[in-house]
Amino acid sequence: MTVRPRRPAEDTARPVRMVVLGGTGFLGRPICRALADQGHPVVAVARTPKTIGPGVEFRALDLAAADVDEITAVLRDLDPDVVINAAGGMWGLTEAQMLAVNVTLVERLLAAAGRLPRRVRVLQMGSVHEYGLVPVDTSMPERLTPAPVMPYGEFKLRCTEAITAADRQGLVEGVTLRVGNVIGAGQPGHSLLGVVAARLRDAERAGERARLELAPLGSRRDFIGLGDVVAAVQLAATRPEAAGQVINIGRGVGASARDMVRLLIEVSEVPTDLIEAEQTGPAETNWQRLDVGLAAEVLGWSPSDDLHTEMKQLWEHAGAEVPA
């Protein structure tokens with residue numbers, strides 16, 4: 001059977017049927033809401049049902065356990081124009097779990113998409129950690145040869161390579177966004193800022209001064225607001241020029257984790273003692289700064305100037321989730 005390419009991006013004004021894998025998660029949930037607000041029919045696929053918002057349907061599927069046949073059946077039923085893979089993760093997971101929810105899922109997704117009668121666009125949420133380490137004060141362009149230094153980066157790189165290969169083979173229309181360290185509402189609890197927010201809330205509720213004893217915070221990384229990432233996804237899902245591309249999404253700024261923790265403390269207004277351990281060995285990631293020129297060229301996208309608003313939303317969301 002001849003596979004006819006489906007190019008939803010040729011008319012960005014018309015509704016495009018979107019399926020978001022991991023649609024109830026940190027990235028997936030706001031992506032679903034934003035796409036629905038644009039008028040696109042959206043289906044969130046995840047293991048556990050959650051209320052996402054108007055215009056977003058839900059389909060239950062354990063993505064970490066689903067085989068190719070199960071994913072194929074769901075995709076055939078939903079008949080998407082675009083599949084956005086916002087599933088996966090690293091925080092609080094073992095290497096085996098990271099492998100399953102990242103690499104194995106993408107491999108099965110691509111196999112399933114290749115069985116569909118029409119070629120769909122598959123948009124993969126990649127990671128800055130695919131690049132590994134670079135010299136201080138240098139940027140990471142997409143042409144840089146990836147050399148990840150941690151398992152998560154290795155797994156995400158394998159996903160990117162699989163998406164790119166499937167695009168070249170004509171199985172899917174593949175796009176990968178290599179995203180920096182995301183900050184925003186719903187921050188994963190196992191992440192640095194998620195842990196800090198929880199401790200600050202505990203101190204606030206107890207009416208006490210917070211005491212934060214943290215690992216060294218000198219590493220400088222490219223932090224990006226959740227809203228900026230969502231905006232990039234909206235564009236990458238429909239722009240014809242994005243097909244076959246790997247595109248960096250970051251602020252193009254190397255900021256220290258220390259600065260981010262201090263910004264969160266400032267936003268929280270919780271009196272805090274910050275005690276930082278001394279660096280005794282090489283940092284896992286000393287320097288990250290993404291070159292985001294291609295995103296401007298291909299997507300017409302640019303990041304916000306600062307992270308204050310996103311950090312405030314992170315803090316407010318953490319306050320809304322009071323333990324029962």
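Of all residues in the stretch 22-44, how many are open to solvent by less than 10 Å² (accessible area, probe 1.4 Å) and either over 18 Å from residue 227 (Cα atoms) or among the aliphatic types (A, V, I, L, M) (or both)? It would help to see each step written out before you state the result.
Step one: list which residues in the stretch 22-44 are open to solvent by less than 10 Å² (accessible area, probe 1.4 Å), which gives 23, 28, 31-32, 35, 42-44.
Next cut, either over 18 Å from residue 227 (Cα atoms) or among the aliphatic types (A, V, I, L, M) (or both) only: 31, 35, 42-44.
Qualifying residue count for the region: 5.
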Assuming residue 77 fulfils every condition listed in (1) assigned to a loop (DSSP other than H, G, I, E, B); (2) acidic (Asp, Glu); (3) closer than 25 Å to residue 237 by Cβ apart from one, which condition is it? (1)
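Listed here are the residues, each with its yes/no results for (1) at positive phi; (2) buried (at least 19 other Cβ atoms within 10 Å of the Cβ).
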position: 132; (1), (2): yes, yes
position: 138; (1), (2): no, no
position: 155; (1), (2): no, yes
position: 160; (1), (2): no, yes
position: 167; (1), (2): no, yes
position: 181; (1), (2): no, yes
position: 197; (1), (2): no, yes
position: 202; (1), (2): no, no
position: 209; (1), (2): no, no
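Answer yes or no: is there a residue in the stretch 143-150 that is open to solvent by less than 20 Å² (accessible area, probe 1.4 Å), on the phi < 0 side of the Ramachandran plot and in contact with a Lys or Arg (Cβ under 8 Å, 6 or more places away or on another chain).
Within the stretch 143-150, the subset open to solvent by less than 20 Å² (accessible area, probe 1.4 Å) is 150.
Those left that are additionally on the phi < 0 side of the Ramachandran plot: 150.
Remaining after also requiring in contact with a Lys or Arg (Cβ under 8 Å, 6 or more places away or on another chain): none.
Scanning the stretch 143-150 turns up no residue that is open to solvent by less than 20 Å² (accessible area, probe 1.4 Å), on the phi < 0 side of the Ramachandran plot and in contact with a Lys or Arg (Cβ under 8 Å, 6 or more places away or on another chain).
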Residues satisfying the stated conditions in the stretch 144-194, i.e. among the β-branched types (Val, Ile, Thr) and at pLDDT below 95: 149
What tally of residues in the stretch 104-130 results from selecting those that are open to solvent by less than 10 Å² (accessible area, probe 1.4 Å), in contact with a Gly (Cβ under 9 Å, 6 or more places away or on another chain) and under 14 Å from residue 67 (Cα atoms)? 2
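Among the residues of the stretch 95-148 satisfying the criterion of being part of a strand (DSSP E or B) and small (Gly, Ala, Ser), which is nearest to residue 167 (Cα to Cα)? Reasoning before the result, please.
So in the stretch 95-148, the residues part of a strand (DSSP E or B) come out as 118-119, 121-127, 132, 140, 147.
Applying the additional criterion that residues be small (Gly, Ala, Ser) yields 126-127, 132, 147.
Working: 126: 16, 127: 19, 132: 24, 147: 22 Å.
Going through the qualifying residues, I end up with 126.
Just the residues that are of a type outside the set (S, T, N, Q), part of a loop (DSSP other than H, G, I, E, B) and touching a residue at least 24 places away in the same chain (Cβ under 8 Å), please, taken from the stretch 37-48. Even if it seems obvious, please write down each step before you answer.
Narrowing the stretch 37-48 to residues of a type outside the set (S, T, N, Q): 37, 39-47.
Add one more test, that the residue is part of a loop (DSSP other than H, G, I, E, B), and what stays is 39-41, 47.
Passing the criteria: 39, 40, 41.
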Odd one out for residue 219 among (1) surrounded by fewer than 22 Cβ atoms within 10 Å (Cβ to Cβ); (2) more than 30 Å from residue 37 (Cα to Cα); (3) within 19 Å of the chain's Cα centre (by Cα): (3)
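The values are calculated or read from the model by the stated rules, or taken from the named source; none is laboratory data. From a predicted model like this one, the values you see are computed outputs, not experimental measurements. Backbone-built Cβ (ideal geometry, glycine too); neighbour counts: all protein chains shown. All accessible areas refer to the heavy atoms of the entire protein, side chains included, with ligands and DNA or RNA removed. Shrake-Rupley method; radii C 1.70, N 1.55, O 1.52, S 1.80 Å.
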